[in-house]
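Engineer: Quick one: this structure, given as structure tokens, is what I'll be asking you about.
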Amino acid sequence: MNLLPYSPSNIEEIKQLFTKVFSDSEGQSEGLLIGNLVYDLMTGTYVQDLYGFVAIENEKIIGSIFFTRLTFESEVNAFILSPVAIHTDYQGKGFGQKLINFGIHHLKENGVELVFTYGDPKFYSKVGFSLITEKLVKAPFALTYPEGWLGQSLVGDEIEPITGDSYCVNALNKSEYW
């Protein structure tokens with residue numbers, strides 16, 4: 001398996017991967033929603049606010065993840081991991097963890113201090129995320145599943161409280177994702 005930054009030439013293949021994976025697990029409407037989210041992230045987010053990575057096996061993209069800037073009123077270099085997709089045939093084999101660790105390592109090398117995600121604590125704890133509260137760091141929108149608000153420091157210390165609101169990139173700036 002090769003892990004590398006995504007290429008804009010793969011936008012359609014990546015969109016189809018997310019659409020299929022989320023359709024298989026959550027239904028067609030969720031698949032279309034997340035496929036369109038990923039397309040919007042890749043085509044409508046400033047380059048400096050987006051990191052995307054893919055896992056390739058036999059010249060086919062089998063996994064992809066995206067990190068986008070999370071802005072605070074204070075000067076914090078933070079990103080949010082969302083979404084993540086591993087082709088259904090490759091799930092449960094550690095490919096997602098390897099891809100996420102690869103992406104986090106890349107962010108760390110580029111001076112990112114904090115990374116957040118909103119998802120399954122059991123899965124994301126395997127790649128260093130811990131439960132945080134909105135008292136510690138406020139999410140951009142009201143969370144329907146507060147137990148899924150997770151974060152990790154990439155600079156070695158615990159996450160300190162961040163006061164004020166947080167803001168995500170335009171593509172994620174919709175309450176249905178939260």
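Engineer: Report, by residue number, each residue of region 20-37 that is buried (at least 18 other Cβ atoms within 10 Å of the Cβ) and in contact (Cβ under 8 Å) with a residue 40 or more places away in the chain.
Structural biologist: 21, 22, 33, 34, 37
Engineer: Cβ-Cβ below 9 Å, separation at least six or inter-chain, first residue in region 38-56 and of a type in the set (Phe, Trp, Tyr) and at pLDDT 95 or above, second assigned to a strand (DSSP E or B) and surrounded by fewer than 16 Cβ atoms within 10 Å (Cβ to Cβ): which pairs?
Structural biologist: If the second residue must be assigned to a strand (DSSP E or B) and surrounded by fewer than 16 Cβ atoms within 10 Å (Cβ to Cβ), the pairs left are 51/5; 53/4; 53/5.
Engineer: Assuming residue 17 fulfils every condition listed in (1) of a type outside the set (S, T, N, Q); (2) modelled with pLDDT of 95 or more; (3) surrounded by fewer than 18 Cβ atoms within 10 Å (Cβ to Cβ) apart from one, which condition is it?
Structural biologist: Evaluating residue 17 over (1) of a type outside the set (S, T, N, Q); (2) modelled with pLDDT of 95 or more; (3) surrounded by fewer than 18 Cβ atoms within 10 Å (Cβ to Cβ) leaves (3) as the failure.
Engineer: Continuing with the same structure: Could you tell me which numbered condition residue 81 fails, if it satisfies all but one of (1) in contact with a Gly (Cβ under 6 Å, 6 or more places away or on another chain); (2) closer than 15 Å to residue 18 by Cα?
Structural biologist: Status for residue 81: all satisfied but (1).
Engineer: Kindly indicate whether any position in region 162-175 is in contact with a strand residue (DSSP E or B) (Cβ under 7 Å, 6 or more places away or on another chain), surrounded by 19 or more Cβ atoms within 10 Å (Cβ to Cβ) and farther than 14 Å from residue 115 by Cβ.
Structural biologist: The answer is yes, given that some residue of region 162-175 is in contact with a strand residue (DSSP E or B) (Cβ under 7 Å, 6 or more places away or on another chain), surrounded by 19 or more Cβ atoms within 10 Å (Cβ to Cβ) and farther than 14 Å from residue 115 by Cβ.
Engineer: Write out, first by first residue and then by second, each pair whose Cβ atoms fall under 6 Å of each other, whose residues are 6+ apart or on separate chains, and whose first residue, in region 160-172, is within 20 Å of residue 45 (Cα to Cα) while the second is aromatic (Phe, Trp, Tyr) and surrounded by 14 or more Cβ atoms within 10 Å (Cβ to Cβ).
Structural biologist: 166/72
Engineer: Provide a single number: the residues in region 116-155 that are in contact with a strand residue (DSSP E or B) (Cβ under 8 Å, 6 or more places away or on another chain), under 21 Å from residue 98 (Cβ atoms), surrounded by fewer than 19 Cβ atoms within 10 Å (Cβ to Cβ) and not polar (S, T, N, Q).
Structural biologist: 3
Engineer: Next question. Of the conditions (1) touching a strand residue (DSSP E or B) at 6+ places or on another chain (Cβ under 6 Å); (2) in contact (Cβ under 8 Å) with a residue 40 or more places away in the chain, residue 65 fails just one. Which one is it?
Structural biologist: It fails just one condition, (2).
Engineer: Could I ask something else about it? If I go through region 73-86 residue by residue, how many of them are part of a strand (DSSP E or B) and over 9 Å from the mean Cα position of the chain (by Cα)?
Structural biologist: Going through region 73-86 one residue at a time, the tally reaches 3.
Engineer: Within region 64-80, is even one residue over 21 Å from residue 178 (Cα atoms) and either buried (at least 18 other Cβ atoms within 10 Å of the Cβ) or in contact with a Cys (Cβ under 8 Å, 6 or more places away or on another chain) (or both)?
Structural biologist: No, because not a single residue in region 64-80 is over 21 Å from residue 178 (Cα atoms) and either buried (at least 18 other Cβ atoms within 10 Å of the Cβ) or in contact with a Cys (Cβ under 8 Å, 6 or more places away or on another chain) (or both).
Engineer: Suppose the filter is among the aliphatic types (A, V, I, L, M) and over 13 Å from the mean Cα position of the chain (by Cα); does residue 136 pass it?
Structural biologist: The answer is yes for residue 136.
Engineer: For the structure I just gave you, tell me whether residue 90 is exposed (fewer than 14 other Cβ atoms within 10 Å of the Cβ) and at pLDDT 95 or above.
Structural biologist: no
The values are calculated or read from the model by the stated rules, or taken from the named source; none is laboratory data. Nothing here was measured: the structure is a model prediction, and the numbers come from that model. Because the Cβ atoms are built from the backbone with ideal geometry, glycine has one as well, and the counts that use them run over all protein chains shown.
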